[in-house]
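Only one structure is covered here, and it is reproduced in the block below.
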Amino acid sequence: MTGITKERAYDMSRWDMGLVGLEKLCEFKQKSSLTRSEPLYYEMQYKYFKQAREAVDTGQPIIAHATMVPVEIFRAMDLVPILTIFSCINMSMVLKNQIECLNIARGLGIPQEICSSHREMIAYFAKGWFPPPSLFCEMGIGCDTFGHSLRVARELSGKPSFYVDKPYNKNERSIKYLADQFKDLIHFLEEKTGRKLDWDRLKQNVDYSRQIYETYQEIRELRKAVPSPMENARNWQFYMTGWMYAGTEEGVTWYKTLRDELKERVSKQIGCIPEEKFRFVDLFFGVGYYSLKILNWMQNTRGVNVVAEPCWSYQGKWEIDLDKPLESLARRTYCAPPLGTIDGPIENFINAAVNDARDYKVDAAMWFANFTCRQNAAIRMVKDALEKIGIPTFTMGTDTQDPNYVTPDQIKEQFDGFLEILKGRKILRIR
């Protein structure tokens, strides 16, 4: 593979264009949003990407990392963490250059059977559009692509990498093993960067993550209210903030701001729309990232509230001991979204879907199936389990990044067809 040359290894012009777009989006949200948490979310997104850009100019070490790697460790060493896959997704949502990225990946020989989100990320590294990392931190989670796509990015960048080996089964032995992996990661970072871990800061960062976790659970409880207090489009913000701002006071502030807004609505029995006609549970990764506006369309024109996402819920209680921060982070790995569900066994996913369908009083479920994702094999088992408790499921093949695979209009047409069926079922149920 080629694409990064010694003469011009990195081109930050695309990143800078994305920052300009994000800054304009922040200004728009500040003027148009009726809540404080939404403009605050975009301000934090801008700050996150700006920090990475500034690190390029100042020479501060940048750690490019996979989802679920404990960023609390990086922040306790004054290293700049940047989430690879979803940073590229966010940038492309602003730049609207998904097709360009997918064409670049195709030119590199990356097959279309690979998830388009990962192909997009590889394009960013191949063209040098991603802030140059000092180091990589990888971790296999959920699928082969997540386990190996960063290897391609690392080879393109030519930088050292540490791979966190997470055992499949959760038990005390695997918790200790994973905590030891985090200890080895710290030694690796100290050796490569010359910086030492501040253990007191790490404990503080884990405590911030504890507060995020507890507030996250409170918000999940508030969303059970009828009518729903939270807008559909906020679910993307709900889990993205948890990844990008784990272990920070800013993350705690955002979740508490959202919680307080929802709590006020629930206390006044005010929903996020005038009339809630249907309550849905979103079973997997949701509609493609290029068409998130469909979530607003569902809510504002069809009265459909998406009230829960079992894939993005904690499975079980996170047991935290601040005197054992690495062990606490290891325990979180096994229950935090999305690993508590999609990393297996399948019973975890089925139980989460069924429990959310009951607890949130939903009328139906939806599964937008990314055609390149092997985890879609679980659809049949999850649908069958929901059908047994009287919950029908809308399924549709989509793609996370490729707008040519299925258009927003096609999604709307098929969704409307399902709603007609659902209306008939509701009428029969009332009779």
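The values are calculated or read from the model by the stated rules, or taken from the named source; none is laboratory data. Predicted model only: the values in this text are computed from it and were never measured. Neighbour counts are summed over all protein chains in view; Cβ atoms, including those assigned to glycine, are modelled from backbone coordinates with ideal geometry. The accessibility values were calculated without ligands, DNA or RNA, using every heavy atom of the protein model including side chains. Shrake-Rupley method; radii C 1.70, N 1.55, O 1.52, S 1.80 Å.
Summary of values
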| read-out | value |
| --- | --- |
| Helix-derived mean residue ellipticity, 222 nm - over the chain, DSSP H n ≥ 4, -39500 (n - 2.57), to 500 | -18000 deg cm²/dmol |
| Within the range 288-332: backbone nitrogen closer than 14 Å to the Asn355 label point (7 Å, Cα to C-beta) | 309-319 |
| Cα-centred dipole magnitude for the chain, charges only on beta-carbon of K, R (+1) and D, E (-1), debye, nearest 20 | 780 debye |
| Spacing of the two label points (7 Å from each Cα toward its C-beta) at Lys277 and Glu214, in nm | 4.1 nm |
| For peptides 163-174, 283-294, sequence by mean Cβ density within 10 Å, most packed first | 283-294, 163-174 |
| Given charges at Cβ of Lys, Arg, Asp, Glu: the chain dipole, positive-most of Met366, Cys335, Val252 | Met366 |
| Average projection area in nm² (convex hull over Cα atoms of the chain, one quarter of hull surface) | 20.1 nm² |
| Accessible surface of the range 37-128, 1.4 Å probe, proportion on carbon and sulfur as whole % | 48 percent |
| Mean separation of Cα contacts under 8 Å, 6 or more apart, over the residue count of the range 287-348: relative contact order % | 28 percent |
| Fraction of accessible area attributable to carbon and sulfur, the range 261-409 (%, probe 1.4 Å) | 47 percent |
| Set of aspartates and glutamates near Lys192 by C-alpha distance (under 19 Å), chain-local residues within fewer than 8 positions excluded | Glu72, Asp78, Glu138, Glu155, Asp180, Asp184 |
| Rounded FRET efficiency, nearest 0.05, which uses the C-beta distance separating Leu34 from Gln60 and R0 of 30 Å | 0.20 |
| The chain, accessible area per residue, ligands and nucleic acids excluded (1.4 Å, Å²) | 43 Å² |
| Burial order of peptide ranges 179-186, 71-78, 193-200, 272-279 (average beta-carbon count within 10 Å, highest first) | 71-78, 179-186, 272-279, 193-200 |
| The chain: relative contact order in percent, alpha carbon pairs under 8 Å with at least 6 residues between | 15 percent |
| Entries in Lys31/Lys224; Lys31/Lys277; Lys317/Lys388; Lys96/Lys317; Lys29/Lys383; Lys263/Lys423 that, when Cα-Cα distance is taken, lie over 32 Å | Lys96/Lys317; Lys29/Lys383 |
| Of the DSSP H helices in the chain, those whose Cα atoms cover at least 30 Å axially and whose Kyte score averages -0.5 or more | 408-430 |
| Length gained when the stretch Glu319-Ile346 is fully extended (0.36 nm per residue, less Cα-Cα span) | 7.5 nm |
| Calculated Rg and Dmax of the range 337-431 using C-alpha coordinates, Å | 14.6, 43 |
| Relative contact order of the range 275-424, pairs being alpha-carbon contacts under 8 Å that are 6 or more residues apart, as % | 26 percent |
